[in-house]
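Working notes for the structure below.
The values are calculated or read from the model by the stated rules, or taken from the named source; none is laboratory data. A quick note: this is a predicted structure, and the numbers were derived from the prediction, not measured. All Cβ positions, even for glycine, are placed from backbone atoms using ideal geometry, and neighbour counts span all protein chains on display.
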Amino acid sequence: MKLARFMHNGAEQVGIVTDKGITSLALNRLEDCMGLTAAGVRSKSSKEIIPLKRVRLLAPVQPSKIICLGWNYLEHIEELKHNIPEQPMVFLKPPSGIIGPEDDVILPNPRISSQVNNEVELAVVVGKRSKNVRTEDAYSHVLGYTVAQDITARDIQWRLRQKNEQWDIAKAFDTFTPIGPYVVTPAGIKNPHNLAITLRVNGKIRQDSNTKYMIFKIPEVISYLSSVMTLLPGDVISTGTPKGVDLIKDGDVLEAEIEGVGVLRNRVSK
């Protein structure tokens, strides 16, 4: 099942996406779909099917926090000459950086940063309050999966790393966290660790890999994170990027795609 958050006739709504269009649900938040049976979903559905061309898709969730993994694909570690982490390497991004499908990634003033990179990632959306989750129970806490980009001011990151200083600021700019277009529930994803993950820039493939190459898998990550912090419904866990990060520039069109989840399209502007 594909879930979306969207604007239609001036109202923000939550709905189910099918080949025919989108059907609005009588729910306030997409996260409220957690645990609904098919019959439960039908009971909250309107009868009207709205063509997708008549709606504006929004970022599917509004999380309290965005938790990201660094260095979670071996080839990405090698291209950036980093050591393999012994446990998940975690950093946070501010929710103010979130944008949705077709929104612009806005480049910083070049006096602040002139080397901004793409990073396509599979993102996990938390479905319920989660604390001290056992690895074997982790999937029961997942609402679904979406596509994310962890846009990064690489020059700032390198400069701060060389000084052994914290570099989260390189990830924290407004518009640096595109997510969407949908949240696909676990029933629609047979195995989240065997999905093609691709990033195209102006139609040319730049990143091309598979989620099977993640070093730390989703259940382990959820268990680890929930041992440190309480995960709340709608929180986003972005699971790291494969190799192929490079500069993006004004006018570029980014298409981040994950098999079975969808294509997240954003334009770069200044």
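A few remarks follow.
- Given (1) in contact with a Cys (Cβ under 8 Å, 6 or more places away or on another chain); (2) of a type in the set (A, V, I, L, M, F, W, C); (3) not in a strand (DSSP E or B), number of the condition L143 does not satisfy: (3)
- Residues considered: V17, V61. Of these, the only one that is part of a strand (DSSP E or B), of a type in the set (A, V, I, L, M, F, W, C) and surrounded by 19 or more Cβ atoms within 10 Å (Cβ to Cβ) is V17.
- Verdict on G251 being over 15 Å from the mean Cα position of the chain (by Cα), surrounded by fewer than 17 Cβ atoms within 10 Å (Cβ to Cβ) and on the phi > 0 side of the Ramachandran plot: yes
- Qualifying residue in region 155-167 (condition: of a type outside the set (S, T, Y), surrounded by 16 or more Cβ atoms within 10 Å (Cβ to Cβ) and in contact with a Pro (Cβ under 9 Å, 6 or more places away or on another chain)): yes
- Filter result for R159 (over 15 Å from I106 (Cα atoms), among the charged types (D, E, K, R) and touching a residue at least 40 places away in the same chain (Cβ under 8 Å)): no
- Some residue of region 103-111 being of a type in the set (D, E), at pLDDT 95 or above and more than 17 Å from V184 (Cβ to Cβ): yes
- Test: residue in region 200-215 that is assigned to a helix (DSSP H, G or I), of a type outside the set (S, T, Y), touching a His at 6+ places or on another chain (Cβ under 6 Å) and surrounded by fewer than 20 Cβ atoms within 10 Å (Cβ to Cβ): yes
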